[in-house]
Amino acid sequence: MKVKKYKAETMPEAMKQIRKELGADAVILNSKVVKTKGFLGLFKKDNIEVIAASDPHLPKSSKAPKHKLREPKTDQITRTVQKEPDEKIIKEIKELKQSFMNQQANGDGANVYPAPINKAYQYLLNQEVQPNIVNSIAERLLEKYYLHHKQVNDKQLLSWLREELKNLMTDLSFGHNAFKARTIYFVGPTGVGKTTTIAKIAAKAVVEENKKVALITTDTYRIGAIDQLKTYGKILNVPIEVAYNQKDFINAKEKFANFDLILVDTAGRNYKQVEFINQLKETISFQNKDEMYLVLSITTKYKELNQVFEQFSNFPIERLIFTKIDETSEYGALFNMMTSHKVGIAYLSNGQDVPNDLIEGTKEQAISLILGGWTNE
């Protein structure tokens with residue numbers, strides 16, 4: 001298969017070039033109007049750009065008129081792209097894919113993609129998935145599209161999209177790991193719902209897994225924070241200790257030495273300021289066998305989520321917890337954080353009800369959130 005791009009002032013002129021070089025059996029892959037630069041950037045005019053392909057190894061159609069370039073029928077496409085593509089076919093598809101990506105880099109955007117791929121492309125962008133991730137997924141979808149002879153319905157496209165999203169999460173860890181760590185720290189900015197989330201997790205550990213649970217809070221800054229956690233402690237019959245400094249914290253951990261699980265609530269502060277990170281380091285006593293979860297609100301802009309994560313880069317963030325997932329319909333930030341920082345999800349919180357509004361994180365759950373708004377046509 002030979003793939004080439006042609007430019008001409010009119011479509012008939014472009015077709016003449018294509019017939020001359022590729023023959024009457026060439027296939028039009030894409031065509032569009034492009035602007036050409038004039039003198040000193042002025043007097044721009046429209047030209048036609050056409051991407052065409054042909055396979056010299058295919059038998060010439062005896063029925064094809066010599067003067068007419070036509071779209072191939074399905075059986076022609078099937079002969080061109082075999083079920084088991086060889087290296088040559090794959091190479092040619094990659095070249096075609098690169099041609100699409102080059103057009104996109106020149107500012108043509110999603111218009112370079114065939115309609116089915118463009119639907120997936122636009123959907124992911126509307127979910128606020130980062131463009132570099134969307135482009136990467138679109139490239140692989142484009143390759144599948146041509147390997148499947150450009151025959152794809154919405155159901156198949158959705159299946160491909162699920163597969164690509166899952167592949168990007170292959171090496172990430174999800175869920176709570178059966179509470180194998182004795183001590184779990186919960187850190188994050190103010191207002192994301194750390195304390196309520198901890199209460200939900202404590203309730204599940206006590207009721208569903210019959211764990212002996214204790215709570216420690218270092219949040220001595222927020223008015224009512226200690227009372228809020230104490231209230232949850234009384235309801236769950238779980239002891240709680242307040243740590244004003246590292247000595248208090250170490251004493252609390254020693255007091256709960258015989259407990260199965262210790263959940264540590266930390267102060268919600270403006271962690272864009274380094275001094276608050278340092279205060280946290282001075283208060284807690286993190287051990288290698290402990291785990292730390294970063295709690296974030298899905299309604300926060302990705303740029304700000306990224307800044308918070310970077311501030312905690314000196315801490316061993318094991319997994320993420322996303323709250324307020326019931327308050328949005330756009331979940332791209334969730335996927336952006338996982339793929340850019342290579343960290344999975346422990347839990348998703350979808351309301352204020354303790355302990356019910358808590359979902360254990362899985363790859364399937366993350367994909368379902370992102371693709372929840374997909375509609376088949």
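The values are calculated or read from the model by the stated rules, or taken from the named source; none is laboratory data. Quantities reported herein were computed from a predicted structural model and do not represent experimental measurements. In this analysis, Cβ positions are derived from the backbone assuming ideal geometry, glycine residues included, and neighbour counts consider all displayed protein chains.
Matching residues to (1) surrounded by 13 or more Cβ atoms within 10 Å (Cβ to Cβ); (2) at pLDDT 60 or above; (3) not hydrophobic (A, V, I, L, M, F, W, C):
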residue	(1), (2), (3)
Lys63	no, no, yes
Leu69	yes, no, no
Asn102	no, yes, yes
Pro114	yes, yes, yes
Leu124	yes, yes, no
Gln127	yes, yes, yes
Leu158	yes, yes, no
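For Val264, state whether it is assigned to a strand (DSSP E or B), of a type in the set (A, V, I, L, M, F, W, C) and modelled with pLDDT of 90 or more.
Judged against the criteria, Val264 is a match.
What number of residues within segment 339-360 are surrounded by 23 or more Cβ atoms within 10 Å (Cβ to Cβ) and over 24 Å from Thr231 (Cα atoms)?
Result for segment 339-360: 2.
Considering only segment 189-231, state which residues are touching a Ser or Thr at 6+ places or on another chain (Cβ under 8 Å) and at positive phi.
Matches in segment 189-231: Gly191, Gly193.
I need the full set of residues from segment 312-331 which are surrounded by 20 or more Cβ atoms within 10 Å (Cβ to Cβ) and either of a type in the set (Gly, Ala, Ser) or within 18 Å of Leu172 (Cα to Cα) (or both), in order please.
Arg319, Leu320, Ile321, Phe322, Tyr331
Out of segment 305-333, which residues are in contact (Cβ under 8 Å) with a residue 60 or more places away in the chain and of a type in the set (Phe, Trp, Tyr)?
Phe312, Phe315, Tyr331
Yes/no per residue for (1) in contact (Cβ under 8 Å) with a residue 24 or more places away in the chain; (2) among the hydrophobic types (A, V, I, L, M, F, W, C); (3) not in a loop (DSSP other than H, G, I, E, B):
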{"residue": "Gln279", "(1), (2), (3)": "no, no, yes"}
{"residue": "Lys289", "(1), (2), (3)": "yes, no, no"}
{"residue": "Leu296", "(1), (2), (3)": "yes, yes, yes"}
{"residue": "Ala346", "(1), (2), (3)": "yes, yes, yes"}
{"residue": "Gly372", "(1), (2), (3)": "yes, no, no"}
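Can you tell me which residue is nearest to the chain's Cα centre (by Cα) among those in segment 268-284 that are modelled with pLDDT under 75 and among the basic types (Lys, Arg)?
Lys272
All but one of (1) farther than 27 Å from Pro239 by Cα; (2) outside any helix (DSSP H, G or I); (3) at pLDDT 90 or above; (4) not small (Gly, Ala, Ser) hold for Phe335; which doesn't?
(2)
List the number of the failed condition for Ala252; all other conditions in (1) assigned by the TED database to the domain that holds Asn278; (2) crowded, with 17+ Cβ neighbours inside 10 Å; (3) touching a residue at least 40 places away in the same chain (Cβ under 8 Å) hold.
Here Ala252 meets the rest and fails (3).
Go through Thr190, Thr195, Thr183, Thr170 for me and flag whichever is of a type outside the set (Gly, Ala, Ser) and within 22 Å of Val134 (Cβ to Cβ).
Within the list Thr190, Thr195, Thr183, Thr170, the selection yields Thr170.
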